[in-house]
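To start, the structure under review is shown below, and the notes come after it.
No lab work stands behind these numbers, since they all come straight from the coordinates. In this text, all values refer to a predicted model and were calculated from it rather than measured experimentally. FYI the Cβ positions are ideal-geometry reconstructions off the backbone, even for glycines, and counts take in every protein chain you see.
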Amino acid sequence: MAETDWEIVRRLMKPHPWHGIDPGPEAPMRVNTFIEIVPTDTVKYELDKATGFLSVDRPQKFSNVCPTLYGFIPQTYCGEEIGAFAAERAGREKMDGDGDPLDICVLTEKVISHGDILVRSIPIGGLRMLDRNEADDKILAVLEGDAVFGGLKDVERLPEALLTRIKHYFLTYKQAPDREEVKVEITHVYGREEAWGVIERSRRDYQKKFESLSRLWRRSKE
């Protein structure tokens, strides 16, 4: 397909949030982020991977609500490298990534009313979360330019009470009185440079998993 045809497609077609959006030229230090849910949501929305539309994953039947903007970094995938790195850092046996794009929590003072939007965020750290023995890292970031959180450079400067609230959400958001307990644990809170490493590994996992899409994307930018 000629370059001019690519430009026509880009103008006419909404890009797929996972595959059709660039993480950004400054990744992993600054990343484009697709937001799925916001703190006021009482329904957990999740990207439908086939169509690129947001879908209802489940109504939140209990009191836990996500304390941050929550979504993922486009063109990332939690696969072999993410699993191997998590196992190494946590001192566990071999594990895999969870097979999803890399999750990210974005802190901001502003009330953003809905998801299905793109924001620019600055990673400051992450949570090494293991879910049923799969690596399910949560990158922690701040909204670029945010008046309250935008100046934070590393997770160690995050208020402890807020970090505890975020950890509590992820440790309990799958629990329900009438369901079997889900084995979720957070083994580490890590800083900015390790978060960059996790993002880079997830990008390489994406390129391996979606090799043909990655080639097509690179060709479209030439």
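Enumerate the amide H contacts of TYR45 below 5 Å, restricted to partners 5 or more residues apart or on another chain; note that Pro and chain-start residues carry no placed amide H.
Correct list: ASP57.
Please rank VAL119, VAL31, VAL65, VAL38, fewest neighbouring Cβ atoms within 10 Å first, as an exposure proxy.
Working: VAL119 19, VAL31 28, VAL65 15, VAL38 22.
Sorted ascending by nearby Cβ count, the order is VAL65, VAL119, VAL38, VAL31.
Could you give P(r) for the chain, binned at 10 Å from zero, as whole percent values over all Cα-Cα pairs?
Computed distribution, short to long bins: 8, 33, 38, 17, 4, 0.
How large is ³J(HN,Hα) for each residue in the range 33-45, as worked out from phi by the Karplus curve 6.51 cos²θ - 1.76 cosθ + 1.60 (θ = phi - 60°), to whole Hz, x for Gly and Pro?
Here the 3J(HN,Hα) series is 9, 9, 8, 9, 9, 10, x, 8, 6, 9, 10, 8, 8 Hz.
Rank the residues THR76, THR187, THR51 as a footprinting-exposure proxy: fewest other Cβ atoms within 10 Å of their Cβ go first. Please report the intermediate quantities before stating the final value.
Numbers: THR76 30, THR187 14, THR51 9.
The fewest-first ordering by Cβ neighbours comes to THR51, THR187, THR76.
Determine which aspartates and glutamates satisfy two conditions relative to LYS208: a Cα distance under 16 Å, and not lying fewer than 8 residues away in the same chain.
The reachable aspartates and glutamates, counting only those whose Cα sits under 16 Å from LYS208, are GLU80, GLU81, ASP96, ASP98, ASP100, GLU200.
Any idea what the relative contact order of the range 16-215 is, in percent, if you count C-alpha pairs under 8 Å spaced at least 6 apart?
24
Per residue of the range 95-104, in order, report the coupling 6.51 cos²θ - 1.76 cosθ + 1.60 (Karplus, θ = phi - 60°) as ³J(HN,Hα) in whole Hz, putting x for Gly and Pro.
Whole-Hz 3J(HN,Hα) from phi for the range 95-104: 9, 9, x, 7, x, 10, x, 6, 6, 8.
Pairs LYS14/LYS49; LYS49/LYS183; LYS183/LYS209; LYS138/LYS174; LYS138/LYS167; LYS44/LYS138: which exceed 18 Å Cα-Cα?
Details: LYS14/LYS49 15 Å; LYS49/LYS183 25 Å; LYS183/LYS209 27 Å; LYS138/LYS174 15 Å; LYS138/LYS167 10 Å; LYS44/LYS138 16 Å.
Where the Cα-Cα span goes over 18 Å, the pairs concerned are LYS49/LYS183; LYS183/LYS209.
Taking the highest mean first, how do the peptides 18-28, 152-162, 99-109 order by number of other beta carbon atoms within 10 angstrom per residue? Can you show the working numbers first?
Numbers: 18-28: 16.6, 152-162: 13.5, 99-109: 21.6.
For the peptides 18-28, 152-162, 99-109, the packing ranking is 99-109, 18-28, 152-162.
With only Lys, Arg, Asp and Glu charged, each at its Cβ (+1 for the first two, -1 for the last two), find how big the charge dipole of the range 16-215 is about the Cα centre; round to the nearest 20 debye. Present the calculation step by step, with values, prior to reporting the outcome.
Numbers: 27 positive and 35 negative charges, 26 e Å.
The calculation lands at about 120 debye.
Using the 10 angstrom Cβ neighbour count as an exposure proxy, how do LYS167, LYS183 rank, fewest first? Before the final figure, lay out the partial values.
Numbers: LYS167 15, LYS183 10.
So the ranking, lowest neighbour count to highest, is LYS183, LYS167.
Enumerate the amide H contacts of LEU140 below 5 Å, restricted to partners 5 or more residues apart or on another chain; note that Pro and chain-start residues carry no placed amide H.
CYS105, ILE124, GLY125, GLY126, LEU127
With θ taken as phi - 60° and the coefficients 6.51, -1.76 and 1.60, list the Karplus ³J(HN,Hα) couplings across the range 116-131 in order, rounded to whole Hz; mark glycine and proline as x.
Karplus-based 3J(HN,Hα) across the range 116-131 equals 6, 9, 9, 9, 9, 10, 10, x, 10, x, x, 10, 8, 9, 10, 10 Hz.
Starting from the amide H of ALA135, placed 1.01 Å from N in the peptide plane, find each other amide H under 5 Å away whose residue is 5 or more places distant or on another chain.
ASP96, GLY97, ASP98
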